[in-house]
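Presented below is the structure to which this report refers.
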Amino acid sequence: MAQLPPRKNPTPTRISKQHLTPLQTLLQMGFTKHRAEKALAATGNRGVQIASDWLLAHVNDSSLDEINPREYILYACPIGPFLHQLEEFWNKSRMVCGWNGAHNYVPHITLVSFFKAPDESSLQLSKALKQVVDMSGTLLDRPLKLEPYISQNFMGFFVAEDDANYLKRLSLQYVKEVSNSSQTQELIGGCSSFKEDSESSVDKYLRETLQPCLDLTLMQKVNNHNKTHNKDHLSQSQQIVILSQQNNLQNTNSFELSSLQVMDMPIKSNDMEIMVEPIGVAAPSADDTLSMDSERSQEVASLGPTTPSNRRRVYIMRHGERVDFTFGTWIPYCFDEFSNYVRKDLNMPKSLPKRQRCPDGWQNDSPLTNIGLYQAKLTGEALFESKVRIDHVYCSPAYRCVQTCISTLEGMQSRQKFKVKLEPGLFEWMAWYPDGVPDWLSKSELLDADYDVDINYQPLISANELNDCIKETTEEFYTRNYEIIRKIIETTSGNILVVAHATTLDTCTRQLVGGAPRSTNELRQVIHKIPYCSLGTIEEIDGSGVWKLVEPECLPVTHSKNPRFEWNALNAT
């Protein structure tokens, strides 16, 4: 009797299609491992179809094969009825008041500040997030307590102290899950930039990048606290935690991912506070906490005065707090029918210099607030106390930058030593100014207002030439600022102070220290981390023409937003 041939044993390396992971499926489709991991990370690990669509859409992207860590941030966002209320307010405010920058954002609370991780770890990050949210003891049995916060140009909420502590515990638990995950050792391969030595691994890398969120003392408090708080539950309206990536932010499983850099809800706490990133737009950052860099600088300061380096340095500074970002639409309320300036707040300038186009000229050339002037002077005083020597001073022609420069020199007790060189090439990205260069104050108008500018300085790029840059790309903007700072360095000797804009700290230094121009999204991420009067410092290595970023000699300056006081509120019954 004929017998059926024996069944062949399945090939050990063969995997049933229904059991293939998205990564394995993409590899079978012919994509390289690096590209597949990048596509999955960029699309939030939502499946093969969207990842393959992303790859096809980015096939001509010159950076597709670059191996760079991706930047993440962990948000908590409202959902349910509370979110609907906020959306309703958003729509009504836009109809009544018109559009402003706040309409680009949705409210959130920053749980874990910016950290970087390689693309192959994106799935681990998502799983760790889901595990933390699903853990017993992580949920509250009531809504978070929010206290309204209203100022001249910002509306939001403070989180009550107890609930802020809860959110801090949640963020620390997430960091702990990511850093201690047993899966991290499986993620070592496939990313050569992280193979520095035998000890390097994704686990080590994540620990380093998440270190600002890991505080052993606080973690011990959390562990002890959780022993007596295992019955916490989160209300339905507060259950979603947001994990967002820098470039392409999408949904991961049941977790909604946001692509916006949003206005933070302030978090009010005395002991364990949540770090939020400052935002360089009209809304205040509402961050009452000190950054880890500030804490580190305090430790350095406690060791004694800074000893200035003998190597050549370039100090690049952002301007101080500006009137338009602080008070919003201020011009119609601060000028009478004869175009005379009328001060409406103590933080506004007492007077403004005369200019040819008034008040329209102030629209794109805002002055500083009095707080902004004080920020700049404080920074100058700190540089003076650190015995920083300046040999040349360059400045963007924007009035806010000129004010910042002069106030900084006053703080350094050096105002009479320098004539400020106004360089239009240091101005912001012209793509933000489709109508062309703002109507800056002329040199004669600045001199009349007692600003000592160098009338004989011939700029490297004139204002007219800058008008030709209206359609410049991000890369061209980086190159413009880089070429300006390079030429300034080549034609001078000694230390240089440059006062300009938030972008300037990166655009003038990145290529000089060997980096490549950032993409538009990357630039936006960076400028959100550069608050008013931030100071970046680069140092030449032994006269070699090679430069590196170094820690500034002075501490940063931070202040909280003060809401406007209405005296007649005291009449309320």
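Every number in this text was worked out from the coordinates using simple rules, so none of it is lab data. Since the structure is predicted, the reported quantities are computational estimates derived from the model, not experimental observations. Glycine also receives a Cβ, built like all others from the backbone with ideal geometry; neighbour counts cover every protein chain displayed.
Distance between the pseudo-spin-label points of Asp162 and Glu490 (7 Å out from Cα toward the beta carbon): 6.6 nm.
Assuming R0 = 51 Å, what is the FRET efficiency of Glu337 and Lys387, from their Cβ-Cβ distance, to the nearest 0.05? Working shown, then result.
Numbers: r = 52 Å, r/R0 = 1.01.
Computed FRET efficiency for Glu337 and Lys387: 0.50.
Compute the distance in nm between two label points, each set 7 Å from the Cα along the Cα-to-Cβ direction, one at Asn571 and one at His19. The modelled label-to-label distance comes out at 7.8 nm. Among the listed pairs Lys145/Lys168; Lys130/Lys529; Lys387/Lys417; Lys344/Lys419; Lys127/Lys168; Lys127/Lys176, those with a Cα-Cα distance over 22 Å are Lys130/Lys529; Lys344/Lys419. The string of couplings for region 400-414 from the Karplus curve (6.51, -1.76, 1.60, θ = phi - 60°) is 4, 6, 4, 4, 4, 4, 5, 5, 5, 5, 4, x, 7, 6, 10 Hz, one whole number per residue in order, with x for Gly and Pro.
Quick one: if the Förster radius is 35 Å, what FRET efficiency do Lys344 and Glu147 give, using the C-beta to C-beta distance and rounding to 0.05?
On the way: r = 27 Å, r/R0 = 0.78.
It comes out at approximately 0.80.
Spin-label model, Trp90 to Arg564: label points 7 Å out along the Cα-to-beta-carbon direction sit 2.5 nm apart. Can you give me the long-range amide H partners of Val420? Hydrogens built in the peptide plane at 1.01 Å from N, cutoff under 5 Å, separation of 5 or more residues or another chain. Answer set, sorted by chain and number: Val453, Asp454. Whole-Hz Karplus values for region 453-461 come out as 9, 7, 6, 9, 6, 9, x, 6, 10 Hz, taken residue by residue from phi with 6.51 cos²θ - 1.76 cosθ + 1.60 and θ = phi - 60°; glycine and proline positions read x. Sequentially through region 316-322, phi angles give Karplus couplings (6.51, -1.76, 1.60; θ = phi - 60°) of 10, 10, 7, 5, x, 4, 9 Hz, Gly and Pro residues having no value and appearing as x.
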